[in-house]
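Here's the structure, in structure tokens; my notes come after.
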Amino acid sequence: PVEKIYEVARVFAKAKPASLGWGLAVDQNPNGVQLGHALLALIAITGNLDVPGGVTIGPPASLMGKWRMESRSWLSDELWSKRIGAEKYPAVSTALATTHPDETLNTLETGKPYQLKMGWFNSSNFLSPTNSAQPDRWYEALKKLEFNVVQDTFMTPTAMALADIFLPLPTFAEHDGVVLTHYGRNAVFAGAMNKALTVGETKSDLEVCFELGKRLNPEAWPWETVSEFFSEQLEPDLGFGFEELRKKGLWQPGYTYKKYEKGLLRFDGEPGFNTVTGLVELNSTLFESWGDDALPYHQEPPYSVYSTPELAQEYPLTLTTGARKYTSFHSEHRQIKTLREIDPNPELELHPETAKELGIIDGDWVVVENMFGKARFVAKVTETIHPKVVHATHGWWFPEKEAEEPSLFGVWESNVNTLMPHDHTGKLGFGDTFKSILCKVYKEA
């Protein structure tokens with residue numbers, strides 16, 4: 001109700017200090033950029049930006065992020081301009097040194113604007129329902145590549161389906177590394193991963209990068225050891241290198257509030273914010289230059305009871321996905337027996353009223369289906385979800401099942417991402433339908 005919105009707004013505005021946090025429900029929808037813009041505007045308007053108890057702001061380059069930014073200098077402008085989707089989605093290509101995922105699939109399928117030849121999959125179980133809509137299309141498209149390398153700790157559906165070469169990665173106990181937490185470029189702590197043992201001939205991600213980098217562009221990869229690399233990244237910000245961090249175990253930085261008053265947010269050292277105008281831009285200069293509205297706006301999800309009422313007749317429920325569980329991180333840990341004992345099956349949460357109406361009881365195998373695909377889950381009847389909403393767990397595959405194609409560890413059985421459409425981002429190229437799309441549910445025959 002409108003009155004409730006007013007009430008919440010006033011409560012927030014009068015609270016000093018106040019903070020807002022959001023998760024993937026904001027990010028993973030086509031309107032997520034605009035919603036994030038609106039939330040940050042509320043923070044700024046109410047005076048809760050970079051103050052104790054408010055929303056803090058990280059430095060222009062996050063800890064160890066400077067090296068990633070400087071790596072761009074090793075690519076020619078001609079090569080940089082060839083990033084897939086850079087012209088169509090300038091917001092994505094400006095914010096991220098990557099291609100646009102949907103445009104990449106289009107390129108794989110059509111060979112335009114150029115033919116892709118090779119894929120390198122680093123710690124990414126791409127075909128499981130973790131990070132790609134329409135994974136069955138990606139599967140067929142990626143098989144066209146002439147050569148694929150997969151790095152992972154375990155054999156996965158992606159490795160079985162695509163790898164010409166499989167490089168086994170060490171676990172956290174088998175290699176040196178640095179753990180960072182980033183919240184808006186705020187490094188809450190830096191921790192050392194100290195190698196404790198060696199098993200087989202595994203090499204860490206970084207060690208593989210060293211070997212490959214020295215063959216392709218040795219000038220860009222001058223480091224001989226992991227310790228040397230990390231020390232060069234850490235010393236300018238921490239004042240000490242990796243070996244000292246190794247001894248400390250954990251390091252927590254101090255914090256400076258109101259950095260905008262002290263010239264700590266801009267690369268030129270001037271007071272203000274790291275924006276075109278130097279101000280908090282409630283009216284975004286960049287959004288407008290990228291062809292979007294400069295002010296936040298609401299846009300209904302592309303498939304909902306409001307935007308597509310005719311589809312809602314056949315698919316009356318709203319499906320959301322991706323809530324976290326302690327037993328897994330995306331598709332990881334499915335083959336660990338003790339964790340599978342806690343969480344043995346993919347689950348679909350639905351309200352008791354909905355379950356009764358559909359003739360479903362707790363523990364039944366059910367099918368979730370929409371106009372794009374379908375997947376099977378075990379029903380979990382719970383009061384904690386809205387009667388018109390169902391939630392499906394993601395990241396599922398079954399290491400106990402046949403590894404060879406077409407099974408690929410049963411990756412297609414409970415693959416909720418087959419219900420997600422390709423190319424349904426927002427205007428700037430971000431977001432998708434993972435948190436809100438129509439579906440129907442029925443008991444498996």
**Q.** Cα coordinate range in segment 165-242, projected on the principal axes (Å, largest first)
**A.** 37, 30, 23
Q | Counting DSSP beta bridges with both ends in the chain, the antiparallel % (nearest 5) | A | 55
Q.
Can you give me the Kirkwood hydrodynamic radius for segment 309-443, using every pair of distinct Cα atoms, in Å to one decimal?
A. 15.6
(Q) If I model a spin label as a point 7 Å beyond the Cα along the Cα-Cβ vector, how far apart are those points for Ala38 and Gln299 in nm? (A) 1.4
Q) Given 0.36 nm per residue, what is the gain on full extension from Thr338 to Lys374 after removing their alpha carbon distance, in nm? A) 10.1 nm
Q.
Let's see if you can work this out: charge +1 on each Lys and Arg Cβ, -1 on each Asp and Glu Cβ, no other charges. What is the dipole magnitude of segment 92-200 about its Cα centre, in debye to the nearest 20?
A. 160
Q: Would you pull out the residues with amide H under 5 Å of Val390's amide H, same chain only if 5 or more places away, H placed 1.01 Å from N?
A: Thr318, Leu319, Thr320
Q: Would you mind checking the pairs Lys82/Lys259; Lys325/Lys374; Lys66/Lys262; Lys144/Lys435; Lys112/Lys435 and listing those with alpha carbons more than 32 angstrom apart?
A: Lys82/Lys259
Q. Do the sum for the chain: with -39,500 (n - 2.57) for every DSSP H run of n ≥ 4, divided by all residues, what is the mean residue ellipticity at 222 nm, to the nearest 500 deg cm²/dmol?
A. -7500 deg cm²/dmol
Q.
Let's see if you can work this out: charge +1 on each Lys and Arg Cβ, -1 on each Asp and Glu Cβ, no other charges. What is the dipole magnitude of segment 341-443 about its Cα centre, in debye to the nearest 20?
A. 520
Q.
If the only charges are +1 at each Lys and Arg Cβ and -1 at each Asp and Glu Cβ, what is the size of the charge dipole of the chain around the Cα centre, to the nearest 20 debye?
A. 820
Q) Which value, to two decimals, describes the C-alpha radius of gyration of the chain once divided by 2.2 N^0.38 Å? A) 1.07
Q: Once you have a ≥ b ≥ c as the square roots of the Cα gyration tensor eigenvalues for segment 2-112, tell me rounded if a/c is under 1.5, and otherwise prolate or oblate according to whether a/b is larger than b/c.
A: oblate
(Q) Shape verdict for segment 210-261, please, from the Cα gyration tensor: rounded (a/c under 1.5), prolate (a/b greater than b/c) or oblate. (A) oblate
Q) Sequence-distant or interchain residues sharing an amide H contact under 5 Å with Leu167, placed H: which? A) Val150, Gln151, Asp152
Q. Around Leu428, with a cut-off of 12 angstrom between Cβ atoms, what is the net charge of the other residues, counting Lys and Arg +1 and Asp and Glu -1?
A. -1
Q: Give the residue from Ala41, Tyr139, Phe154 lying farthest towards the positive end of the charge dipole for the chain; charges sit on Cβ (+1 for Lys and Arg, -1 for Asp and Glu) and the dipole is referred to the Cα centre.
A: Ala41
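No lab work stands behind these numbers, since they all come straight from the coordinates. None of the values given here were measured: they were computed from a predicted structure. Note that each Cβ is placed from the backbone with ideal geometry, even for glycine, and that neighbours are counted across all protein chains shown.
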